[in-house]
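So the structure is just underneath, and the comments pick up after that.
The values are calculated or read from the model by the stated rules, or taken from the named source; none is laboratory data. The structure displayed is predicted, hence computed values, not measured ones. Heads up, the Cβs are rebuilt from the backbone with ideal geometry, glycines too, and the neighbour counts pull from every protein chain shown. We work out accessible area using only protein heavy atoms, side chains counted, and drop any ligands, DNA or RNA first. Shrake-Rupley method; radii C 1.70, N 1.55, O 1.52, S 1.80 Å.
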Amino acid sequence: MRSFLALILMLTFVGAARAQEAAPDSKMVAAMKIIGANFKAIGMQSSDPTAFAALVPKVQELRAQVLSIVGETPAELAKSVPAEQLPLARLGYEKLMLTLAAQSVDLEAALRKGSAADVETALDAMSDTKSDGHDQFKP
């Protein structure tokens, strides 16, 4: 009976350790899905000034998700970069994500001002940053 309980406890700890190992990547994947969904929704309504006020919470949620994963290491980055170069590569990722967060501030300001031209400019900048990030950090 003790052996059985010891085995159950060992499997529980191993499972918990593996869940913790997977958690950062899972957190990042979940955040990226929310970021993507909000970015798409904003883009679809960005030409309608009557929708601007309703888009502000989406921008705020997008920014919160971006900031929640700034300190994470994308799995693809960890796999593709030699260990000695990883700290520098992570800084590049962090800078890119902070740039995206700052651009979301510009987007929110444009939405609050009701400036369609500024909304388009901010979305274009965010789209370019997103493309740069995917080129650099996604396989």
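Numbers for the structure displayed
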item: Those residues of the range 111-139 which are of a type in the set (A, V, I, L, M) and free of Cβ contacts under 8 Å to residues at least 24 places away in the same chain, in sequence order; result: Ala117, Ala122, Ala125
item: Test result for Lys130, over 15 Å from Gln45 (Cβ atoms), open to solvent by 70 Å² or more (accessible area, probe 1.4 Å) and at pLDDT below 95; result: yes
item: Which listed residue is out of contact with any Ser or Thr (no Cβ under 8 Å at 6 or more places or on another chain), buried (at least 18 other Cβ atoms within 10 Å of the Cβ) and among the aliphatic types (A, V, I, L, M), from Ala89, Ala117; result: Ala89
item: Pairs where the first residue, in the range 30-43, is over 20 Å from Ala110 (Cα atoms) and touching a residue at least 12 places away in the same chain (Cβ under 8 Å) and the second is in a helix (DSSP H, G or I) and open to solvent by less than 60 Å² (accessible area, probe 1.4 Å), C-beta under 6 Å, 6+ apart; result: Ala31/Gln65; Ala31/Ser68; Ile34/Gln65
item: Yes/no for Thr121 being polar (S, T, N, Q) and within 16 Å of the chain's Cα centre (by Cα); result: no
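Okay, residues lined up against (1) surrounded by 14 or more Cβ atoms within 10 Å (Cβ to Cβ); (2) at pLDDT 95 or above; (3) in contact with a Pro (Cβ under 8 Å, 6 or more places away or on another chain):
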| residue | (1), (2), (3) |
| --- | --- |
| Phe52 | yes, yes, no |
| Pro57 | no, yes, no |
| Pro82 | no, no, no |
| Ala101 | yes, yes, no |
| Ala109 | yes, yes, no |
| Ala122 | yes, yes, no |
| Ala125 | yes, yes, no |
| His134 | no, no, no |
